[in-house]
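Trainee: Below is a structure I'd like to ask you about.
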Amino acid sequence: ENSNYAKEIIGLPSGMHLRRVISENLSEIDIDLVAKELAEFVSTQQRPHHKHLVLECTNLPPYKAVLKRKTGLDITDILSCIEAARPNTIHSQFLT
């Protein structure tokens, strides 16, 4: 591990569909659009020194598979961490 690299934290740009759904409390979400936008955005932020992706927002784990396919990175997400600590807490569809 090279400790010279700062931990990099990125947030969703304001124009992304998922951010709008969350911030504007929209009642409908286009899951395919969210998956496409997230995969494209995260891959544009990825650098050769990145080894792992942490999804701390509870809205992101449903897109973990598409992010893994796009980036090839190992991923840790908050819902899986909760489930590990408290089994049968999180619905299985959010743990894939």
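Trainee: Hey, any hits in the range 44-59 for a residue that's hydrophobic (A, V, I, L, M, F, W, C), under 20 Å from Leu95 (Cβ atoms) and touching a Lys or Arg at 6+ places or on another chain (Cβ under 6 Å)?
Mentor: no
Trainee: From the list Thr96, Thr58, which one is in contact with a Phe, Trp or Tyr (Cβ under 9 Å, 6 or more places away or on another chain), hydroxyl-bearing (Ser, Thr, Tyr), open to solvent by 70 Å² or more (accessible area, probe 1.4 Å) and not in a helix (DSSP H, G or I)?
Mentor: Being in contact with a Phe, Trp or Tyr (Cβ under 9 Å, 6 or more places away or on another chain), hydroxyl-bearing (Ser, Thr, Tyr), open to solvent by 70 Å² or more (accessible area, probe 1.4 Å) and not in a helix (DSSP H, G or I) holds for just one of Thr96, Thr58, which is Thr58.
Trainee: Then there's this: For the range 7-22, how many residues meet the condition of being out of contact with any Lys or Arg (no Cβ under 9 Å at 6 or more places or on another chain) and open to solvent by 90 Å² or more (accessible area, probe 1.4 Å)?
Mentor: So the count comes out to 4.
Trainee: Of the numbered conditions (1) of a type outside the set (Phe, Trp, Tyr); (2) assigned to a loop (DSSP other than H, G, I, E, B); (3) open to solvent by 40 Å² or more (accessible area, probe 1.4 Å); (4) at negative phi, Ile90 fails exactly one; give the number of that condition.
Mentor: Here Ile90 meets the rest and fails (3).
Trainee: Tell me the residue from Arg69, Arg47 that is over 24 Å from Ser23 (Cβ atoms), part of a helix (DSSP H, G or I) and open to solvent by 50 Å² or more (accessible area, probe 1.4 Å), please.
Mentor: On inspection, the qualifying residue turns out to be Arg69.
Trainee: Name the pairs whose Cβ atoms lie under 8 Å apart, with the first residue in the range 30-49 and farther than 10 Å from Val66 by Cβ, the second open to solvent by 40 Å² or more (accessible area, probe 1.4 Å) and among the polar types (S, T, N, Q), and 6 or more positions between them or separate chains?
Mentor: Matching pairs, first to second residue: His49/Asn2.
The values are calculated or read from the model by the stated rules, or taken from the named source; none is laboratory data. Here the structure is a predicted model, which means the values were calculated and not measured. All Cβ positions, even for glycine, are placed from backbone atoms using ideal geometry, and neighbour counts span all protein chains on display. Protein only, heavy atoms only, side chains kept; ligands, DNA and RNA dropped before computing areas. Shrake-Rupley method; radii C 1.70, N 1.55, O 1.52, S 1.80 Å.
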